[in-house]
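The values are calculated or read from the model by the stated rules, or taken from the named source; none is laboratory data. Note that the structure is a prediction, hence the values are computed from the model and not measured. So basically every Cβ, Gly included, is an ideal-geometry build from the backbone, and we count neighbours across all protein chains shown.
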Amino acid sequence: MDQTVRIETAPPMEFFREAVDGAIARQRVETSAESACYLTQLLDRFIRPGTLYNEAGVAPDQPLAMLFCRALKSEGRQRFLRLKLTGDVALFVSGFFASSRKLVSCDYYGRLGGQAYGTLSQEHQFLNELFAELALKFARFADVLSEVSEQCSLADDRDLLRLYERWLQTGSVRSARLLREQGVPVVPVSDAVH
């Protein structure tokens, strides 16, 4: 007798929407519905990243700084797509793979991604509020994606040393909270003496 077990799964978009909305709520990130939707769609698009790179006309292995420079030298739709890809890759990597960044700091990704989104907000009147919010809250949104990553078991930010390094590099509110939950006393970045 064949006893096939059928497992029902939610489509990726639905899973990501619930994960993003939950992370935003738990972290108390004030955001627009458009930005929350954008984060959900970003995760869904990175299931098939080749399409993103093909659309922008760039190689997937191109360093982020080179992609950003090519975007700034481009015009029209290519400029838009390359700036958007720069911001999206930076946000995805700094959030989803924060604990695995060794050679390049999360701050690097935050600056490039924030700059790409900021440029888009200045150049595209229709989407300026969305891209301005993505630029302004880049680090908070990276924290949201980091939490989603943990839910997917693709990152291990539970390692206190890596979590502490992330907090030192980014001043992440979420990382500070997680460290305090683990008994590590941390001073909020705004209160720290430099």
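Applying a threshold of 7 Å to beta carbon distances and a minimum spacing of six or more residues, or different chains, the list of pairs starting in segment 23-49 at a residue that is closer than 13 Å to S149 by Cα and ending at one that is of a type in the set (F, W, Y) and modelled with pLDDT of 95 or more reads L39/F141. Taking the listed residues Q78, Q122, the one that is loosely packed, with under 15 Cβ neighbours inside 10 Å and without any contact (Cβ under 8 Å) to a residue 60 or more places away in the chain is Q122, with no other qualifying.
Need a quick list: helices (runs of 4 or more DSSP H) entirely within segment 63-178 having at least 1 residues that are among the acidic types (D, E), modelled with pLDDT of 90 or more and closer than 26 Å to F15 by Cα. Spell out how you get there, then give the answer.
Working: elements: 64-73, 76-96, 106-123, 128-136, 138-151, 160-170.
Where helices (runs of 4 or more DSSP H) fall fully within segment 63-178 and carry at least 1 residues being among the acidic types (D, E), modelled with pLDDT of 90 or more and closer than 26 Å to F15 by Cα, they are 76-96, 128-136, 138-151.
Among residues that are among the hydrophobic types (A, V, I, L, M, F, W, C), in a helix (DSSP H, G or I), modelled with pLDDT under 85 and over 20 Å from G110 (Cα atoms), M1 is not included. Candidates are the residues of segment 105-117 that are without any contact (Cβ under 8 Å) to a residue 40 or more places away in the chain and crowded, with 19+ Cβ neighbours inside 10 Å; the one that is nearest to the chain's Cα centre (by Cα) is G113. Of the conditions (1) part of a helix (DSSP H, G or I); (2) crowded, with 19+ Cβ neighbours inside 10 Å; (3) touching a residue at least 24 places away in the same chain (Cβ under 8 Å), Y53 fails just one. Which one is it? Looking at each condition in turn, Y53 falls short on (2).
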